[in-house]
Amino acid sequence: MTTTHDHHAKGLLITAIGGMTLTVDIPLIRLADGEPWSILMTRTGMTLLAALVIWAVWRLFSPKAPQLIPGRAGLVVAALYGLGSITFITAVFNTSTANLVFILAFNPMFSALLSWLFLGERPRPATFVAMAAMIVGVAIIVGDSMGSGHLFGNVLALSSALCIAGAITISRASGKDMGFTSLIGVVLPFLVAAFMVGKTGYQVAEPWWIVFNGAVIMPISFFCLAAGPRYISGAEVSMFYLLETVLAPVWVWMIFSEVPSRNSLIGGTILIVALIAHSLWQLHEGRRRRTALAARHPA
């Protein structure tokens, strides 16, 4: 029989896969070299198409395929992911990358607070410590460049973090599989972007990069990250979003020869160590409790 701790380990693995996959999003956007609305339209359009194809095939072979939008909670989650996508892409072009990643790093804090307020899930002390360490790490990364962006872009980044945190919290509260819901949520940004591209024209120099991003990277990352709250807390899911903050600059370094600063390397190390240490601690706690439970209730 699958235990609660097995579910937790499964959730950590699923969410880690999603977080790692998401780290190549920004490099692929840069490789495509396009105008924001054109990038958003292609990215979301391919994500929507891939999601519908995968779901149709899954449904064909198994009646247990997850619902695309499970009830009213699913509609709200889809809308929040859609708004988060719009505000994120728009923020990329309206503030500095440093400001953007710093503000997005508040996602775990927002998720923890929302889960605490509305679900009664008080984060464990270890989770608070891990989140604090991660915030310190991001602050070190961008400490020299804060204030260089525009207020509009900063507000959009904050809105994106809140939207994702809200979607994670509602997914956690519903207990339903929202893996496909986050993918279907791209309908909203796709329609908005298509409307804008109709006015400005399509401008992407290397579209295949963004096609690959939308058709492969986004479905994997969004599905895994959206499925995570079914098994682990919202605060824990949110921490895996920070992998992009750490690793995206590394991929940019490798692809575009943009060498990370000393502060980026120091802050990134803190983030990775905090995330790995917290995950290992959770797995250790799970094993310890299973052992204690087995000792109390031998077969």
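The values are calculated or read from the model by the stated rules, or taken from the named source; none is laboratory data. Computed from a predicted model, the values in this text were never measured in an experiment. Using ideal geometry, Cβ is built from the backbone for each residue, glycine included, and neighbour counts are taken over all protein chains shown. Accessible surface is based on the protein model in full, side chains and every heavy atom, while ligands, DNA and RNA are left aside. Shrake-Rupley method; radii C 1.70, N 1.55, O 1.52, S 1.80 Å.
Listed residues 126, 105; which is hydrophobic (A, V, I, L, M, F, W, C) and either surrounded by fewer than 16 Cβ atoms within 10 Å (Cβ to Cβ) or out of contact with any helix residue (DSSP H, G or I) (no Cβ under 8 Å at 6 or more places or on another chain) (or both)? Full working, then the answer.
On the way: 105 fails: either surrounded by fewer than 16 Cβ atoms within 10 Å (Cβ to Cβ) or out of contact with any helix residue (DSSP H, G or I) (no Cβ under 8 Å at 6 or more places or on another chain) (or both).
Within the list 126, 105, the selection yields 126.
Would you tally the residues in the stretch 249-263 being within 23 Å of residue 161 (Cβ to Cβ) and assigned to a helix (DSSP H, G or I)? Lay out the reasoning, then the answer.
Our first condition is that a residue be within 23 Å of residue 161 (Cβ to Cβ); within the stretch 249-263, this holds for 249-252, 260, 263.
Going one step further and asking which of them are assigned to a helix (DSSP H, G or I), we end up with 249-252, 263.
Qualifying residue count for the region: 5.
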- prompt: Any idea how many residues of the stretch 47-100 are among the aromatic types (Phe, Trp, Tyr), under 19 Å from residue 227 (Cβ atoms) and buried (at least 16 other Cβ atoms within 10 Å of the Cβ)?
  reply: 2
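So, residue 21, is that one at pLDDT 90 or above and under 30 Å from residue 233 (Cβ atoms) or not? Write out each step before concluding.
Working: at pLDDT 90 or above: yes; under 30 Å from residue 233 (Cβ atoms): yes.
Taking the combined requirement at face value, the residue satisfies it.
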Helices (runs of 4 or more DSSP H) within the stretch 161-248 that include 2 or more residues open to solvent by 40 Å² or more (accessible area, probe 1.4 Å) and in contact with a helix residue (DSSP H, G or I) (Cβ under 8 Å, 6 or more places away or on another chain): 187-200, 207-212, 218-227
query: For the stretch 14-26, does any single residue satisfy the condition of being over 16 Å from the mean Cα position of the chain (by Cα) and either over 22 Å from residue 155 (Cβ atoms) or part of a helix (DSSP H, G or I) (or both)?
result: no
